[in-house]
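A short write-up of the structure that comes next.
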Amino acid sequence: MKKQLIAAAVAASMSAFAMADLSITGDAKYEYDHTDTNGTKTNTANTEMHINFKGKKGDTEVVANFELDTHGTDGNGIDLEDNYITTKVGDISVKAGNYASSTSGLLGELEEGGRNTNKVTLGYSIGGIDLYAGNSAGGTANDGDATLNNNMFAGASTTVAGNRIEVKKNSDSRDSWGIKGSLSGVNYRVEQLDDDGTVSGITAGDATYVEVDTTISGIKIQYASIDADNATLITETDSAVFAVEPGAKSTSTGGTQIALSTSVDGTSVTIKSGSVDKGLSSSQDLDYVQVSASRPLASGATAVITYTDQDALSSGSVVSSENLEVELNVKF
């Protein structure tokens, strides 16, 4: 009898777990870095994991994403990256909590898209037009403030003849627009922001991102560029487009890059060559070349080897900084 009760309890708990519609996904990677800058060599390593939880009931989802790492100012630790709720109130979609904008979204290659606490985004679709509005910086992790302030945003997007067009009021001083699509086998993406705010008494100005790519004989050719009136307009540091991010250089006002990628016997190979405007200083550009190879392994993991050669300053002189990164990653 006791065994039957235990079996029934286990079955009931497993049934409740299944009915909760809970999914767990994630990824993990180990990185080894060797850098040689004008004879000065460093070797570092890092282990990073992401565990993502998603629970669903009806039209409502709850998301909690965690990062476990051995790098950064906090050292070893667990970081709650995202925690938010998505649901619907009638025909209005609601996303509320702590989350970041995607680099695939409008201005993704220009703005960092950092996470904000107590952020809210409302969405509504009518006549093929997607409307949205919200507050991008409702408060900090400590004060829980949800003040409606100049960080409120609103936008609209639609598709016309296969082209995705979007306009957005980012804040009280910043507006933006973007268009992306394909024409005769050539994919394109153009985005621009206009900021009437001031930086050190000077109007911030405009910034433009352009991306064009096509595939010829199995080789993908991509051109990407950023051009900004002011270095403060570029804040993205991890877009995965540029081998060396203009936004990671405090004096940079943009940059250009050509990338070639193909597959050789199951190994993906990408070559990137470019220049970061004022990447070394306010009067010196930074040139770079990067070669990366990625191959899935029979074990389910993926091995990635990346070599980057870029300019650097050493005692006021331009020297070469070479970096070799070996990565082993897996997604589940």
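The values are calculated or read from the model by the stated rules, or taken from the named source; none is laboratory data. Predicted model, so just to flag it, every value in this text is computed and none were measured. Reconstructed Cβ throughout: ideal geometry from the backbone, glycine too, with neighbour counts over all protein chains shown.
Assorted remarks:
- Residue within the range 31-49 that is touching a residue at least 40 places away in the same chain (Cβ under 8 Å) and assigned to a loop (DSSP other than H, G, I, E, B) present: yes
- Check on Gly255, surrounded by 13 or more Cβ atoms within 10 Å (Cβ to Cβ) and either in contact with a Lys or Arg (Cβ under 6 Å, 6 or more places away or on another chain) or of a type in the set (Asp, Glu) (or both): no
- Unmet criterion (only one of (1) under 30 Å from Tyr307 (Cα atoms); (2) hydroxyl-bearing (Ser, Thr, Tyr); (3) at pLDDT 95 or above) for Thr44: (3)
- When Ala243, Ala224, Ala248 are checked against the criterion of being over 27 Å from Leu122 (Cα atoms) and modelled with pLDDT under 95, a single residue qualifies: Ala248.
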